[in-house]
Structure formats: C-alpha cells, structure tokens
Amino acid sequence: MRLENKVAVVTGGAQGLGQEMAIRFAKEGAKVIAVDMQDLSYEQENVEGKILNVTDTEAVQKFYDEVIEQYGQIDILVNNAGITADSMTRKMTDEQWNKVLNVNLKGVFNLTRHIGPQMEQIGGGSIINISSVVGVFGNIGQANYSASKAGIIGLTKTWAKEFARKGVPVRVNAIAPGYVLTDILKTVPQDLLDKFASMTMLKRLGQPEEIGNAALFLASEEASYITGQVINVNGGMRL
Ligand SMILES: NC(=O)c1ccc[n+]([C@@H]2O[C@H](COP(=O)([O-])OP(=O)(O)OC[C@H]3O[C@@H](n4cnc5c(N)ncnc54)[C@H](O)[C@@H]3O)[C@@H](O)[C@H]2O)c1
C-alpha cells in the first residue's frame with residue numbers, strides 16, 4: 001500500500017489516463033476524488049466521482065471547500081483534464097485557441113491555487129501535472145495544445161519552487177506522455193498512429209498503465225527527492 005491514508009484529487013478522472021490513475025491510487029490505499037464534466041465510466045471502491053468543470057473558478061472554489069470539509073485534507077493532486085482542438089495555425093480560430101488554453105492551463109491553475117498552498121499548510125504533498133510529448137517537442141497542427149502543454153512545464157517548475165520555498169516538502173512534477181490509446185486519439189487517423197508508433201524507440205504506442213505507473217511513483221514517497229522535473233514516458237519518442 002504505497003498511498004495508505006492519502007487523499008488524492010484526479011481531474012479528468014472519468015475515463016482514459018485519469019481513470020487509470022484514480023483506480024491505481026485507490027488500489028494503493030488512497031481515497032480518490034475523480035472530478036470530470038461527465039460521470040465516471042467505471043466503479044471502483046474508494047473512488048468518488050464529482051462533476052466539475054475545471055475552468056469554472058467559482059465551482060472549483062466550492063469543490064475545494066467541500067473536499068476539505070469531507071476529507072480534511074488533500075495530499076495528492078493530478079492535473080490531468082485536457083482537450084485538443086487541432087488546426088493549422090493559419091486556420092486556427094479564437095475559439096479553438098481559447099478553449100484549449102482554458103481547460104489545459106487555466107484549469108490546472110484553478111485547482112492548484114487552492115490545493116498547493118493547502119499542501120504547504122499540512123506539511124507536504126505531491127502535485128502531478130500531465131503535459132505531453134507535444135509540449136516538449138511541438139507538433140504540426142497543435143499550436144494551441146503545444147502552448148498549453150509547454151505552459152504546464154513552466155507551471156510545474158514555478159510551483160516546485162513556490163510551494164517549497166519555506167522548506168515544506170511539496171513536490172511538483174510533470175509527466176509528458178507520448179501517444180497512448182485513449183479517446184483523445186480517436187480523431188487521429190490510423191496511418192498517423194502507426195507513424196507515431198514507428199517514431200518511438202520501442203516501436204509501439206503506450207498503454208494507460210504505463211502512465212499510471214509513473215504517476216503512482218511520483219505520488220508516492222519513493223519519489224521523495226524528485227521535484228520540478230518532467231518525466232517523459234514516451235517509449236523514446238521524439239516528435
Ligand atoms: N492519450 C494520449 O496519447 C496523451 C498523450 C499526451 C498527453 N495526454 C494528456 O493526458 C490527459 C488525459 O488524456 P486522455 O488521453 O485520458 O484523454 P480523454 O479524452 O480520454 O480524457 C480526458 C478527460 O478530461 C475530461 N475533461 C475535459 N475537459 C474537462 C473540464 N473542463 N473539466 C473537467 N474534466 C474535463 C474529459 O471529460 C475526459 O474524461 C490530457 O491532459 C491529455 O492532454 C494524453
């Protein structure tokens with residue numbers, strides 16, 4: 001039990017990578033609050049689903065107050081909710097730009113501005129921000145998404161300094177996954193997925209469990225001396 005007695009919030013926890021992490025954390029002893037705009041697509045003991053739009057500042061404040069009231073504290077935060085709205089830059093609309101930046105960056109800020117300082121107060125915690133291989137290397141047709149995922153790396157490094165400035169062990173790290181088969185890839189044509197697989201050293205796409213493994217490690221005390229880092233979990237890919 002690597003997360004015994006811990007309370008974890010996982011955003012975008014209804015499906016995909018968020019589902020994987022919520023289930024993994026619960027199986028390791030954590031009480032998990034999986035927030036999403038939709039109901040959970042699964043049932044798991046010690047995972048409670050809550051409907052929340054991470055971009056809604058007031059709703060996030062209310063959610064935070066309720067969780068503290070109900071669970072007392074939050075030890076682990078995974079900022080995982082994320083979307084894409086791809087287009088070549090020349091054709092990208094304001095709506096596409098704003099939507100992606102709002103969920104992928106503002107949503108991360110919204111949760112962390114409450115939970116990060118709370119971790120300082122309770123004497124520690126682990127924040128895991130889900131970036132992307134696209135945030136590290138860039139990608140054609142994803143200016144909005146790559147800006148948001150690169151922004152997450154800046155937030156990670158800033159918060160690793162800010163929340164630990166008084167010597168409290170609040171650790172903040174990012175995971176930059178490569179291509180992993182979840183719904184977010186359902187609009188990507190198969191030939192492109194095959195190409196992405198061939199661009200990895202391991203010649204395949206990733207599995208959700210492989211991102212879950214990295215998240216569990218970073219959430220646990222095994223990663224007690226790791227902060228301000230970006231862990232690339234991408235099969236050795238370079239876009
Ligand atoms: N799957 C991949 O290949 C891959 C690669 C790199 C990074 N990522 C990142 O991993 C994260 C999880 O992606 P996934 O692959 O599981 O995708 P997914 O689409 O299966 O899951 C994303 C979840 O986020 C939720 N969500 C979207 N907007 C939200 C909002 N405003 N408030 C609350 N929840 C919201 C969705 O309802 C959904 O359940 C994302 O940040 C994504 O950018 C995924």
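The values are calculated or read from the model by the stated rules, or taken from the named source; none is laboratory data. Keep in mind the model is a prediction, meaning the values are calculated, not measured. Cβ atoms come from the backbone with ideal geometry, glycine included; neighbour counts cover every protein chain shown.
The table that follows gives values for the structure above.
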item: Scope the stretch 57-97; condition touching a Lys or Arg at 6+ places or on another chain (Cβ under 9 Å), surrounded by 15 or more Cβ atoms within 10 Å (Cβ to Cβ) and of a type in the set (D, E); matching residues; result: D75
item: Restricting the stretch 227-239 to residues that are closer than 24 Å to Y179 by Cβ and in a loop (DSSP other than H, G, I, E, B), the residue that is modelled with the lowest pLDDT; result: L239
item: Residue ID - surrounded by the most Cβ atoms within 10 Å (Cβ to Cβ), chosen from residues in the stretch 115-146 that are in a helix (DSSP H, G or I) and within 13 Å of the ligand (Cβ to nearest atom); result: V133
item: Check on L40, farther than 30 Å from I140 by Cβ, free of Cβ contacts under 8 Å to residues at least 40 places away in the same chain, within 15 Å of the ligand (Cβ to nearest atom) and within 17 Å of the chain's Cα centre (by Cα); result: yes
item: V54 vs. criteria within 9 Å of the ligand (Cβ to nearest atom) and crowded, with 19+ Cβ neighbours inside 10 Å; result: yes
item: Top-ranked residue in the stretch 78-101 [being under 24 Å from the mean Cα position of the chain (by Cα) and among the polar types (S, T, N, Q); ranked as farthest from the ligand (Cβ to nearest atom)]; result: S87
item: Any chance V188 is away from the ligand (no atom under 16 Å from the Cβ) and either crowded, with 17+ Cβ neighbours inside 10 Å or among the β-branched types (V, I, T) (or both); result: no
item: Top-ranked residue in the stretch 15-30 [being under 13 Å from the mean Cα position of the chain (by Cα) and over 11 Å from A215 (Cβ atoms); ranked as nearest to the ligand (Cβ to nearest atom)]; result: G16
